[in-house]
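Notes follow once the structure below has been shown.
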Amino acid sequence: MTLSEIAAGLEVTSRQRDRGVAVADDTATPLVDRLAAHAGDLPCTPAATATLVDAYSAGRSVGDAAAEAGVTPMIAAKTLHRCGVAGVSPLAPTRRGVVRDWLDGRIARSDAVALAGGDEADFALATYVETHDPLSAVSDAVDAHLAGSAPLGAGGSAGADRGRDALGSDSDAPGGALGDPNGLR
């Protein structure tokens, strides 16, 4: 069967509407300005949140990103969670189920802490993660910021690492794309 035989009985019964050109997101707006409208919902200031997002997305640990932003690691983890960053919960999915069981009143807190296997701080952060959803508007702003930013490790400024490739290695390094392994974190 050929394509012309398949299309023989088809006919157009209505016209397609021209909806115009899609409007692109304004990624030129600084992240701090985008977060200002949601300052009351974030655990720290919009400026500290933007610093956390930039530092964490550049490959720094939560603790290092917190130090750069001038907040505690617990506040940093809460903020990153509210920004929609995955992986900041200190407990595995099964152990987070224990936290949900405690929140639902099925087990005692002391039993939940023991079964979760972490310390009090881990349990507190896991409780926060289970009781506070990421903010969709903030998550969208962070995603747009990261999509429009420089490659990982480039510090977020265009041209800051001229002569370095997308992997953050010297383009003239001998022996491959990554060059000297001592430069890796």
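Quick test of your reading of the structure: ASP133 fulfils all but one of (1) assigned to a loop (DSSP other than H, G, I, E, B); (2) in contact (Cβ under 8 Å) with a residue 24 or more places away in the chain; (3) of a type outside the set (S, T, N, Q). Name the failing condition by number.
Status for ASP133: all satisfied but (2).
Just to be sure, is ASP122 of a type in the set (Asp, Glu) and either touching a Leu at 6+ places or on another chain (Cβ under 9 Å) or assigned to a helix (DSSP H, G or I) (or both)?
Here the answer is yes, as ASP122 does meet what is asked.
Do the conditions hold for SER136, that is, is it among the hydroxyl-bearing types (Ser, Thr, Tyr), out of contact with any Pro (no Cβ under 9 Å at 6 or more places or on another chain) and more than 20 Å from ALA39 (Cα to Cα)?
On the way: among the hydroxyl-bearing types (Ser, Thr, Tyr): yes; out of contact with any Pro (no Cβ under 9 Å at 6 or more places or on another chain): yes; more than 20 Å from ALA39 (Cα to Cα): no.
Criteria not met by SER136.
Where residues in region 94-125 are under 30 Å from ASP143 (Cα atoms) and without any contact (Cβ under 8 Å) to a residue 24 or more places away in the chain, which of them is most open to solvent (accessible area, probe 1.4 Å)?
Narrowing region 94-125 to residues under 30 Å from ASP143 (Cα atoms): 94-97, 99-100, 121-125.
Next, only the ones that are without any contact (Cβ under 8 Å) to a residue 24 or more places away in the chain stay: 94, 97.
Values: THR94: 118, GLY97: 18 Å².
My answer is THR94.
How many of the residues making up region 130-141 are in contact with a Lys or Arg (Cβ under 8 Å, 6 or more places away or on another chain) and surrounded by fewer than 20 Cβ atoms within 10 Å (Cβ to Cβ)?
Let us first name the residues in region 130-141 that are in contact with a Lys or Arg (Cβ under 8 Å, 6 or more places away or on another chain), namely 130, 132, 134-135, 138, 141.
So of that shortlist, the ones also surrounded by fewer than 20 Cβ atoms within 10 Å (Cβ to Cβ) come out as 130, 132, 134-135.
Of the residues in region 130-141, 4 are in contact with a Lys or Arg (Cβ under 8 Å, 6 or more places away or on another chain) and surrounded by fewer than 20 Cβ atoms within 10 Å (Cβ to Cβ).
The values are calculated or read from the model by the stated rules, or taken from the named source; none is laboratory data. Every value quoted in this text rests on a predicted model; they were computed, and no experiment measured them. Reconstructed Cβ throughout: ideal geometry from the backbone, glycine too, with neighbour counts over all protein chains shown. Each accessible area value is taken on the protein alone, full model and side chains, heavy atoms only, with ligands, DNA and RNA left out. Shrake-Rupley method; radii C 1.70, N 1.55, O 1.52, S 1.80 Å.
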